[in-house]
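Peer 1: Let me begin by handing over the structure; questions about it come next.
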Amino acid sequence: MKDFIVIGIESSCDETSCAVIKNGREVLSNIISSQVDIHKKFGGVVPEVASRKHVEVISNVVKEALEEAKISLSDIDLVAATYGPGLVGALLVGLSYAKGLALSLNKPFVGVNHIEGHIAANYIAHKDLEPPYLCLVVSGGHTHLVLVKDYTEFEVLGRTRDDAAGEAYDKVARALGLGYPGGPLIDRIAKEGNEYAVDFPKAYLEDGSFDFSFSGLKSAVLNYLNKMNMTGKEIKREDVAASFQRAVVEILVEKTVKAAQKYNMNKICLAGGVAANSKLKLEMSNECEKRGIKFYYPPVSLCTDNAAMIAAAGYYNYKSGIVSNLGLNAYPSLKIGQRL
């Protein structure tokens with residue numbers, strides 16, 4: 001049986017990426033050009049700068065991906081690209097390039113939901129993983145608790161009502177003077193701190209709700225720092241980071257495990273940038289082990305934005321009969337499971 005080759009393109013935020021995937025799960029190449037160092041000085045991503053940088057590097061990134069995979073354009077069976085959610089200008093660069101590629105090669109094209117791409121990263125990391133399972137998607141822009149019923153069928157059980165977990169990490173890191181991006185920096189110094197030093201609040205919301213809220217926690221951290229500064233007391237950054245991280249992780253783990261029990265899921269997956277967090281992986285692993293739940297998460301290289309996950313999701317979309325037309329536009333507020 002002939003191998004099925006998918007080329008994927010991702011440009012939803014500040015990473016320009018192109019990957020080549022074989023049969024949905026085997027990575028032949030996954031090239032990522034990150035703009036983190038460019039946006040660091042601004043304390044966050046500047047959309048216009050991100051879009052211009054994507055335009056500058058995308059051709060070389062695609063060329064490098066093809067070279068590393070040792071394939072030519074004629075070997076490609078499917079072109080996949082992110083079309084939302086994300087920054088509209090950034091999305092349009094990768095999407096337009098991919099549509100042009102599909103048209104020139106006369107190959108089918110599939111637009112991929114970025115969040116569904118994060119979930120699909122687990123198929124690359126775990127060859128044995130199949131739906132159904134529960135997935136916690138945690139990143140800078142999203143916090144979703146998703147029931148993955150099939151490769152292209154999703155039910156959102158809970159989502160953040162305000163700040164995403166990764167967004168809260170970034171804002172707290174900025175307040176602590178750690179820099180950008182906040183997640184890895186807080187994770188690193190939290191290891192040296194006392195996570196019970198400060199008792200920050202945790203928002204559980206209504207009884208039985210699987211939604212999340214992190215704005216109150218973020219505000220509590222900022223208020224604590226202001227109060228300490230005003231009274232001239234010493235701030236132990238590692239203690240604040242560890243205490244903040246404990247509050248975030250406890251909520252994420254508790255709600256995820258409760259949802260798995262309610263919906264009789266014996267598999268839990270992590271996805272998204274915050275899935276790289278060492279504390280989250282450790283605590284989720286411990287809770288799953290106690291309850292006999294299998295726990296999956298991607299390697300750090302597949303947690304951040306990358307095109308391998310987009311190609312994998314594109315493969316399963318295509319195999320499920322989903323094909324996009326070349327008039328597909330970018331949708332910055334695209335919801336998970338939404339087909340446009």
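Every number in this text was worked out from the coordinates using simple rules, so none of it is lab data. Treat the numbers as computed from the prediction; the structure is a model and nothing was measured. Glycine gets a Cβ as well: all are built from the backbone with ideal geometry, and neighbour counts include every protein chain shown.
Peer 1: What Cys residues in the chain are without a partner cysteine, judged by a Cβ distance under 4.7 Å?
Peer 2: Unpaired cysteines in the chain: CYS13, CYS18, CYS288, CYS303.
Peer 1: What is the local net charge at ILE310, summed over the other residues whose Cβ is closer than 10 Å to its Cβ (Lys, Arg +1; Asp, Glu -1)?
Peer 2: Around ILE310, the charge tally is -3.
Peer 1: Subtracting the Cα-Cα distance from 0.36 nm times the residue separation, let me have the gained length for GLU67 to SER34 in nm, one decimal.
Peer 2: Gain in length upon complete extension: 10.0 nm.
Peer 1: Mean Kyte-Doolittle of at least -1.0 and a Cα length of 24 Å or more along the axis: which whole DSSP H helices of the chain meet both? Walk me through the numbers on the way to the answer.
Peer 2: Numbers: long enough: 47-69 (31 Å, -0.22); 88-105 (25 Å, 1.59); 237-262 (38 Å, -0.08).
In the chain, the long hydrophobic H runs are 47-69, 88-105, 237-262.
Peer 1: Could you tell me what % of all Cα pairs in region 131-298 have separations over 23 Å? Walk me through the intermediate numbers first.
Peer 2: On the way: 5146 of 14028 pairs.
Tail of the P(r) past 23 Å holds 37 percent of the pairs.
Peer 1: A follow-up question, please. Calculate the FRET efficiency for LEU340 and LEU129 from the Cβ-Cβ distance with a Förster distance of 30 Å, rounded to the nearest 0.05.
Peer 2: Step by step, r from the Cβ atoms, then E = 0.65.
Peer 1: Which value, in debye to the nearest 20, gives the size of the charge dipole of region 131-298 about its Cα centre, when Lys and Arg are +1 and Asp and Glu are -1 at the Cβ?
Peer 2: 180
Peer 1: Report, in listed order, any pair from LYS171/LYS227; LYS255/LYS294; LYS127/LYS149; LYS262/LYS290; LYS22/LYS279 with a Cα-Cα distance greater than 25 Å.
Peer 2: Too far apart for the 25 Å limit: LYS22/LYS279.
Peer 1: What nm distance separates the two modelled labels at LYS202 and LYS258, each placed 7 Å from Cα along Cα→Cβ?
Peer 2: Result: 1.0 nm between the two label points.
Peer 1: Determine the dipole magnitude for region 1-97: charges of +1 sit on the beta-carbon of Lys and Arg, -1 on that of Asp and Glu, nothing else is charged, the reference point is the Cα centre, and the result goes in debye to the nearest 20.
Peer 2: 120
Peer 1: Calculate the dipole size of the chain relative to its Cα centre from +1 charges on Lys and Arg beta carbons and -1 charges on Asp and Glu beta carbons; express the result in debye to the nearest 20.
Peer 2: Roughly 160 debye for the chain.
Peer 1: Report the extension gain between LYS2 and VAL88 in nm, rounded to one decimal, defined as 0.36 nm multiplied by the number of residues separating them, less their alpha carbon distance. Provide the component values of the computation, followed by the final result.
Peer 2: Details: separation 86, 0.36 × 86 = 30.96 nm, distance 3.65 nm.
So the chain would gain 27.3 nm between LYS2 and VAL88.
Peer 1: Also, quick follow-up: Taking the chain as a Gaussian network, Cα atoms linked when under 10 Å apart, which of GLU64, GLU289, GLU238 shows the biggest mean-square fluctuation?
Peer 2: Per the Cα network of the chain with a 10 Å cutoff, GLU289 tops the list.
Peer 1: Need the full-extension length gain, VAL156 to LEU105, defined as separation in residues times 0.36 nm minus the C-alpha distance. One decimal, nm.
Peer 2: Going from the current span to full extension adds 14.8 nm.
Peer 1: Please work out the C-alpha center-to-center distance from region 204-281 to region 95-123 and express it in whole Å.
Peer 2: Region 204-281 and region 95-123 have Cα centres separated by 33 Å.
Peer 1: OK, next. Test of understanding: express the Cα radius of gyration of the chain as a ratio to 2.2 N^0.38 Å, with N the residue count.
Peer 2: Taking the Cα Rg and dividing by 2.2 N^0.38 Å, one obtains 1.00.
Peer 1: Between VAL49 and ASP75, how many nm apart are label points set 7 Å from Cα along the C-beta direction?
Peer 2: According to this spin-label approximation, the distance is 3.7 nm.
Peer 1: Would you compute, from DSSP H runs of 4+ residues alone, the mean residue ellipticity of the chain at 222 nm, taking -39500 (n - 2.57) per run and dividing by the full residue count, rounded to the nearest 500?
Peer 2: Numbers: 11 runs with 151 residues, N = 340.
The per-residue figure over the chain is -14500 deg cm²/dmol.
Peer 1: Moving to a separate point now. Mind ranking 273-280, 137-144, 228-235 by how tightly packed they are, going by the mean number of other C-beta atoms within 10 angstrom, highest first?
Peer 2: So the order, starting with the most tightly packed, is 137-144, 273-280, 228-235.
Peer 1: Summing +1 for each Lys or Arg and -1 for each Asp or Glu, what net charge is found among the other residues whose Cβ lies under 13 Å from the Cβ of HIS54?
Peer 2: -4
Peer 1: Place a point 7 Å from the Cα of SER215 along the Cα-to-Cβ direction; which residues of region 177-204 have their backbone N under 17 Å from it?
Peer 2: Counting only backbone N, you get 201-204.
Peer 1: Going toward the positive end of the dipole of the chain, with +1 on Lys and Arg Cβ and -1 on Asp and Glu Cβ, which of ALA203, LEU28, GLY292 do you reach last?
Peer 2: Highest projection toward the positive end goes to ALA203.
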